1. With the structure loaded, tell me whether L25 is part of a helix (DSSP H, G or I), closer than 22 Å to T167 by Cβ and open to solvent by 80 Å² or more (accessible area, probe 1.4 Å) or whether it fails that test.
2. Kindly indicate whether I18 is at pLDDT 80 or above and either under 28 Å from W182 (Cβ atoms) or out of contact with any Phe, Trp or Tyr (no Cβ under 6 Å at 6 or more places or on another chain) (or both).
3. Within the range 214-226, does at least one residue satisfy the condition of being of a type in the set (V, I, T) and within 30 Å of G286 (Cβ to Cβ)?
4. One residue is enough: does the range 321-344 have a residue meeting the conditions over 23 Å from L252 (Cβ atoms) and either modelled with pLDDT under 65 or in contact with an Asp or Glu (Cβ under 8 Å, 6 or more places away or on another chain) (or both)?
5. Taking the range 273-292, which residues are buried (at least 20 other Cβ atoms within 10 Å of the Cβ) and either modelled with pLDDT of 85 or more or part of a helix (DSSP H, G or I) (or both)?
6. For A233, indicate whether it is more than 30 Å from G19 (Cβ to Cβ), touching a residue at least 40 places away in the same chain (Cβ under 8 Å) and touching a Ser or Thr at 6+ places or on another chain (Cβ under 9 Å).
7. Among what's in the range 41-56 and is of a type in the set (G, A, S) and in a helix (DSSP H, G or I), pick the residue that is surrounded by the most Cβ atoms within 10 Å (Cβ to Cβ).
8. Sort through V198, V243, V185 and tell me the only one that's at pLDDT below 85 and within 24 Å of L75 (Cα to Cα).
Amino acid sequence: MPFSFNSEQKQTFLWLAIGLVLVALLVYLGPVLAPFIAAGVLAYALNPAVDWLSSKQIGKLSVPRSLAVIVVILLLLAAILALILVVLPMMQKQIPLLQEKIPGALSRLNAFLSPKLQDIGIRVRLDEVGIKRLVSQYFATSSDEVWSSVLTSAKVGSAAVLGWIATLSLIPIALFYLLLDWHAVLDRIQAVIPRRWVGQVVGFGQEVDGLLAQYLRGQLAVMLVLSIYYAGALAMFDFDVAVPVGVITGLLVFIPYLGFGLGLVLALIAAVLQFEGVQGLVVVAGIYSTGQVVESFFLTPRLVGERIGLHPLTVIFALMAFGHLFGFVGILLALPASAILAVALAHLRTQYINSSFYRQS
């Protein structure tokens, strides 16, 4: 007897196929969706503040949600601006002082490396005069190629900058509308879920919401601890740019490897310009190695991993696996996605334990 599908099965396969097509389309449109995804993440994080503010009353009138959304977005922008205004003046004050030390740093570098390079047959001066001579010779011998490369890089760079500007300008607009209609959007999503799955999907979403809230609190704690650690450790060894470099390193830790890498480069540059010899480089290496070990094997697993119910080894594996599969975006979303998968696997395990396949002896 040939196998045949009934009407309900045909509809199920049809809607599953449509769902897969929509998912594939979203993946294909990934770059276009970037500002909307960023706005969605921010909306999820800021919605409790909007709900709290809109529940308050001014006299006998309740605060309109639109006003609450505007106030919360302005507070977010003010916090970002305040951070910039705190860090930027420090950098502007310290950078000229460090620039004055560049010739001395180059002279020390030349005295250290030039004899070793001459021993292997390379004769080059690495001080200020020697570097200026090398740059002038390079431009004189390959000016056409250099300018062609510069123009090409300028075109690519300009396009990238314009793309970033467009993306950044779209985020607050999308954020406003998402926060304004947040509950309506959730209701619309719930309305299209097949009725027989509504209870399970809503329960699943509530569990994920609880885990992600724990994740956000844990990540903020990690950022605060690392900002204090890096700024304090660098200040302990009299680094002129201790506070701005330490704060930048700590606050960017939510983007794995970027905060650490950028902070390390800035600290190494400061060490070369400020200190004689290699003691500054050794200090920076010790501070950042210790910070990376503590963050990777203690802070993130304990303050983030335990809050979302993930074992420390699972957190480390998730970062590596998502980074390998999806690149930089995968690293950024590894822990929240792992929290969602943890809830899904817990439900799957419960279904498996209660199935006749498992219980049958």
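1. Numbers: part of a helix (DSSP H, G or I): yes; closer than 22 Å to T167 by Cβ: yes; open to solvent by 80 Å² or more (accessible area, probe 1.4 Å): yes.
Judged against the criteria, L25 is a match.
2. Numbers: at pLDDT 80 or above: yes; either under 28 Å from W182 (Cβ atoms) or out of contact with any Phe, Trp or Tyr (no Cβ under 6 Å at 6 or more places or on another chain) (or both): yes.
Answer is yes for this residue.
3. yes
4. Within the range 321-344, one or more residues are over 23 Å from L252 (Cβ atoms) and either modelled with pLDDT under 65 or in contact with an Asp or Glu (Cβ under 8 Å, 6 or more places away or on another chain) (or both).
5. Within the range 273-292, the first condition is being buried (at least 20 other Cβ atoms within 10 Å of the Cβ), and the residues that meet it are 273, 275, 280, 284, 287-288, 291.
If the condition is that a residue be buried (at least 20 other Cβ atoms within 10 Å of the Cβ) and either modelled with pLDDT of 85 or more or part of a helix (DSSP H, G or I) (or both), then L273, G280, V284, I287, Y288, G291 are the ones that fit.
6. In short, yes.
7. A43
8. V243
The values are calculated or read from the model by the stated rules, or taken from the named source; none is laboratory data. All values reported here derive from a predicted model rather than from experimental measurement. Cβ: placed from backbone, ideal geometry, glycine included. Neighbour counts: every protein chain shown. Protein only, heavy atoms only, side chains kept; ligands, DNA and RNA dropped before computing areas. Shrake-Rupley method; radii C 1.70, N 1.55, O 1.52, S 1.80 Å.
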